[in-house]
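Undergrad: Dumping the structure here so I can ask a few things about it.
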Amino acid sequence: MEKTPNKLFWHGALLAVLLSIAYSIVLASQSIEYTWRWERIVPYLINTEPKAEYAPFDGVATLSADSSTVIVEPENGDMPQSYDSFTEIMVGDGDLVFEGDVIGSKSDWRLGPILNGLIVTLQISLVSLVFAVLIGLFVGLARISSNPLLKHLSLLYVEVIRGTPLLVQIFIFYFFIGTVLDLDRFTAGAAALSVFAAAYVAEIIRSGIQSIPAGQMEAARSLGMNYVQAMVYIILPQAFKRTLPPMAGQFINLIKDSSLVSVISITDLTKAGREVVSGTFAPFEVWFTVALLYLVLTGALSWLVKLLERRMASSD
Amino acid sequence: MIKEYQGNDMIVAENVDKYYPNGCHALKTVSATIHRAEVVVVVGPSGSGKSTFLRTLNQLETVSSGNITIDGTPMYAKETDINQLREEVGMVFQGFNLFPHMSVLENVMLAPLKVSKRTKREVEDHARALLKKVGLESRIENFPSQLSGGQMQRVAIARALAMKPNIMLFDEPTSALDPEMVGEVLDVMKSLANDGMTMVVVTHEMGFAREVADRVLFMEEGELLVNEKPDVFFDNPPHPRLEKFLSQVL
Ligand SMILES: Nc1ncnc2c1ncn2[C@@H]1O[C@H](COP(=O)(O)OP(=O)(O)OP(=O)(O)O)[C@@H](O)[C@H]1O
Ligand SMILES: [Mg+2]
């Protein structure tokens with residue numbers, strides 16, 4: 001009989017390993033006398049600083065009976081204005097106020113720089129992903145085309161892009177192409193990422209198409225479909241399914257590689273992290289938070305792809 | 001549709017030569033004429049060029065020299081649209097080549113919907129009728145992976161028929177099947193022959209050739225050596241190489 005591992009024991013073992021890793025992190029930070037101040041991170045995630053309300057003109061402030069509403073009556077006899085839902089009122093009944101005076105503050109919340117950075121990372125990754133797939137599909141099809149020009153150009157593209165570091169490509173896109181074409185940072189960064197990822201996507205698509213048996217194309221053509229119809233209805237849908245797992249890996253790389261655009265001063269998650277570190281002096285907390293947020297993005301993406309894979313498995 | 005052709009010669013191959021890019025001389029000056037409603041069976045040893053010949057008839061392989069005329073249309077004339085010509089010629093493959101990502105019904109409906117200008121309604125009714133004809137009306141929602149080999153090949157036949165071809169080509173349609181499924185596919189082919197379809201069939205099923213074929217062709221090393229009625233072909237083989245071949249397979 002085959003021995004089945006004791007589930008409870010191995011789950012317990014996993015937990016023990018994880019706990020000891022966490023404990024060693026604590027020990028390590030104690031040995032360098034680091035004080036953890038997680039609370040300092042919070043305002044950089046969500047900024048809950050109250051928003052001040054200013055007097056719009058010179059006049060006299062009147063408080064309502066229950067002190068919930070401030071009515072400011074202008075000196076020139078115009079319509080009085082009333083303000084309410086304050087968390088704190090800074091004027092007294094009958095006070096003289098001048099334009100620009102703070103009459104009270106309201107509770108408010110905004111996204112902090114880290115979450116704003118997360119949004120930028122998400123935006124640049126999504127834009128690059130769409131263009132990487134479009135360019136990659138074109139280059140991948142060119143790679144298997146019978147036209148020598150298309151074939152060699154696409155091969156050259158793939159070799160050049162895969163043979164140079166992304167960081168260098170980002171600089172070239174920003175300083176050279178960006179200057180020539182007058183691109184803003186975001187466009188230059190997204191273009192560099194798209195062009196980079198497209199080279200890998202092209203290879204994934206090429207090998208996906210070539211993994212479809214030749215008989216599929218022959219059957220489609222024998223039914224009177226032209227090359228494009230056969231590709232669109234028969235070859236690509238099957239190739240798409242086979243390329244999903246490597247494609248998911250490529251997209252996850254794209255999200256992580258997007259952190260490199262911080263070098264051209266795009267305030268993505270990584271750049272925001274760097275800025276927050278200098279404001280909080282809590283580098284460990286910030287970088288752990290940033291890592292966790294990247295993990296959330298990549299995790300969500302793999303989950304989506306798994307879902308798609310499961311839905312497409314119906315014909316197996 | 002190609003212009004309406006009333007003549008009797010459905011397939012005319014004249015002096016067809018085929019060299020593969022690797023230099024293999026697969027067809028050597030092959031000439032044959034196949035008439036309307038004729039069933040022609042092609043036999044010969046492995047590598048003799050049977051598949052190559054069949055595949056030149058719908059231009060899955062282009063010829064190196066020679067001419068082919070299908071249904072009155074010269075295949076290599078400048079004004080001939082090969083995709084239109086292929087609508088006239090259905091093909092059934094040894095390996096079925098069904099589209100695995102589509103249901104049985106979608107397999108049959110796809111080409112007529114995308115290639116011919118027919119309404120969805122008409123195409124679906126036609127597809128259901130064809131699937132009923134090949135005995136698979138209960139499997140239309142299934143995917144190919146859920147079918148047996150014999151069922152897959154019958155779907156492939158229905159798929160080819162859905163384009164309303166005037167000619168059907170079969171390349172060893174039963175060679176990949178378990179023995180107990182050969183009969184069901186041959187039965188469908190027989191009923192197609194009875195309906196007056198023009199058919200070219202590459203097969204090792206000598207029983208089918210004797211029973212259904214109007215003529216049998218024998219190929220060896222790229223040459224078409226014999227083109228005869230079945231009784232002569234099998235009972236009085238007119239070529240010593242055919243005699244030797246028959247003694248090996250019968
Ligand atoms: N794509 C190809 N490239 C090069 N040579 C080929 C190609 N296809 C077939 N051949 C060669 O052409 C010759 C004829 O092949 P073909 O497939 O037509 O034979 P066949 O009679 O159908 O054989 P089988 O009974 O094994 O199917 C063989 O020598 C084969 O090796
Ligand atoms: Mg063959």
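Undergrad: If I model a spin label at residue A:33 and residue B:118 as a point 7 Å from the Cα along the Cα→Cβ vector, what separation in nanometres do I get?
TA: 8.7
Undergrad: Please state the relative contact order of region A:50-110 as a whole percent: Cα pairs under 8 Å, 6+ residues apart?
TA: It comes to 46 percent, rounded to a whole number.
Undergrad: Please determine, in degrees from 0 to 90 and to the nearest 10, the orientation of helix B:179-194 with respect to the longest principal axis defined by the Cα atoms of chain B, where the helix direction is its Cα long axis.
TA: In chain B, helix B:179-194 runs at an angle near 90 degrees to the longest axis.
Undergrad: To continue, here is another question. What GluC sites (Glu not before Pro) does region A:1-103 have in DSSP loop regions with at most 10 other beta carbons within 10 Å?
TA: Answer by residue number: A:2, A:33, A:75.
Undergrad: How far is it, in nm, from the label point at residue B:221 to the one at residue A:99 when both lie 7 Å from their Cα along the line to the Cβ?
TA: Label-label distance for residue B:221 and residue A:99, simple model: 10.7 nm.
Undergrad: Quick check: convex hull of the Cα atoms in the protein assembly as shown, volume per residue, rounded to a whole Å³?
TA: So the per-residue Cα hull volume is 322 Å³.
Undergrad: Just the number: Rg to Rh for region B:78-178, Cα atoms, Kirkwood Rh, two decimals.
TA: Here the Rg-to-Rh quotient is 0.97.
Undergrad: Moving to a separate point now. Given labels modelled 7 Å from the Cα in the Cβ direction, how far is it in nm from residue B:231 to residue A:156?
TA: Placing both labels 7 Å along Cα→Cβ, they lie 7.0 nm apart.
Undergrad: Looking at chain B only, what percent of DSSP beta bridges run antiparallel? Nearest 5 please.
TA: Here the share of antiparallel DSSP bridges comes out near 55 percent.
Undergrad: List the DSSP H helices in chain A whose Cα atoms stretch 30 Å or more along the helix axis and whose mean Kyte-Doolittle hydropathy is at least -1.0.
TA: A:7-31, A:113-143, A:185-210, A:283-312
Undergrad: For residue B:198, list long-range residues whose amide hydrogen, built 1.01 Å from N in the peptide plane, is under 5 Å from its own amide hydrogen.
TA: Residues meeting the criterion, in which the H sits 1.01 Å from N, are B:37, B:168.
Undergrad: Go through B:225, A:122, A:193, A:292 and list them by solvent-accessible area, largest first, probe radius 1.4 Å.
TA: The residues order as A:292, A:122, B:225, A:193, largest area first.
Undergrad: Separate question: Report the rotationally averaged projected area of region A:185-277 based on its alpha-carbon convex hull, in square nanometres.
TA: Here the figure is 7.1 nm², rounded to one decimal.
Undergrad: Right, something else. Mind listing the Cα extents of region B:96-153 along all three principal axes, in Å, largest one first?
TA: Between the extreme Cα coordinates on each principal axis of region B:96-153 lie 32, 21, 16 Å.
Undergrad: May I ask you to derive the FRET efficiency for residue A:182 and residue A:60 from their Cβ-Cβ distance with R0 = 45 Å, giving the value to the nearest 0.05?
TA: Working from the Cβ atoms, E equals 0.25.
Undergrad: If you scale each eigenvalue of the Cα gyration tensor by 5 and take the root, what three semi-axes come out for region B:147-230, rounded to whole angstrom and sorted largest first?
TA: Semi-axes (√(5λ), whole Å): 22, 16, 12.
Undergrad: Let me ask something additional. Let me know the Kirkwood hydrodynamic radius for region A:50-110, please, with Cα pairs as the basis and the value in Å to one decimal.
TA: Over region A:50-110, the inverse of the mean reciprocal pair distance is 11.5 Å.
Undergrad: I want the local charge near residue A:230. Using Cβ-Cβ distances under 12 Å, sum +1 for each Lys or Arg and -1 for each Asp or Glu among the other residues.
TA: +2
Undergrad: Can you tell me the relative contact order of region B:177-250? Whole percent, Cα pairs under 8 Å, sequence separation 6 or more.
TA: That works out to 18 percent.
Undergrad: Kirkwood Rh and Cα-based Rg: tell me the resulting Rg over Rh for chain B, rounded to two decimals.
TA: 0.96
Undergrad: Within 10 Å, at most 12 other Cβ atoms, and a DSSP state outside H, G, I, E, B define an exposed site. Report the longest part of chain B free of exposed GluC sites (Glu not before Pro).
TA: Excluding the exposed sites themselves, the longest stretch runs over B:142-250.
Undergrad: As I understand it, the value is the acute angle between the Cα axis of helix B:104-114 and the longest principal axis of the Cα atoms of chain B; what does it come to in degrees, rounded to 10?
TA: Approximately 80 degrees, to the nearest ten.
Undergrad: Estimate the FRET efficiency between residue B:145 and residue B:180 by the formula 1/(1 + (r/R0)^6), using the beta-carbon distance for r and 25 Å for R0, to the nearest 0.05.
TA: E(calc), rounded to 0.05, equals 0.80.
Undergrad: Now for a different question. Quick one: dipole size for region A:113-304, taken about the Cα centre, charges +1 on Lys/Arg Cβ and -1 on Asp/Glu Cβ, in debye to the nearest 20.
TA: With Lys and Arg at +1 and Asp and Glu at -1, about 480 debye.
Undergrad: Could you give the Stokes-Einstein D for region B:84-125 in µm² per second, using the C-alpha Kirkwood radius, 20 °C, 1.002 mPa s?
TA: Approximately 186 µm²/s, per Stokes-Einstein.
Undergrad: Three principal axis extents, largest first, for the C-alpha atoms of region A:103-214, in Å?
TA: Ordered largest first, region A:103-214 gives principal extents of 75, 36, 20 Å.
Undergrad: Let me ask something additional. Express the relative contact order of chain B as a whole percentage, based on alpha carbon pairs under 8 Å and six or more residues apart in sequence.
TA: Worked out over chain B, it gives 26 percent.
Undergrad: Still on this structure, I have one more. Average the reciprocal distances over every distinct pair of alpha-carbons in chain A, invert the result, and give the Kirkwood radius in Å.
TA: 25.1
Undergrad: Kirkwood hydrodynamic radius of region B:123-192 from all distinct Cα pairs, in Å?
TA: This gives a value of 12.4 Å.
Undergrad: To the nearest whole number, what is the average tally of beta carbon atoms from other chains within 10 Å of the beta carbons of peptide B:78-90?
TA: Average per residue, whole number: 2.
Undergrad: Between beta-carbons, use under 13 Å as the cut-off and find the net charge around residue B:216, counting Lys and Arg +1, Asp and Glu -1.
TA: -3
The values are calculated or read from the model by the stated rules, or taken from the named source; none is laboratory data. Bear in mind that the values here come from a model prediction, so they are computed numbers and not experimental data. No Cβ is skipped: glycine too gets one built from the backbone with ideal geometry, and neighbour counts run over all protein chains shown. Please note that ligands, DNA and RNA were not included when accessible areas were found on the heavy atoms of the full protein model with its side chains. Shrake-Rupley method; radii C 1.70, N 1.55, O 1.52, S 1.80 Å.
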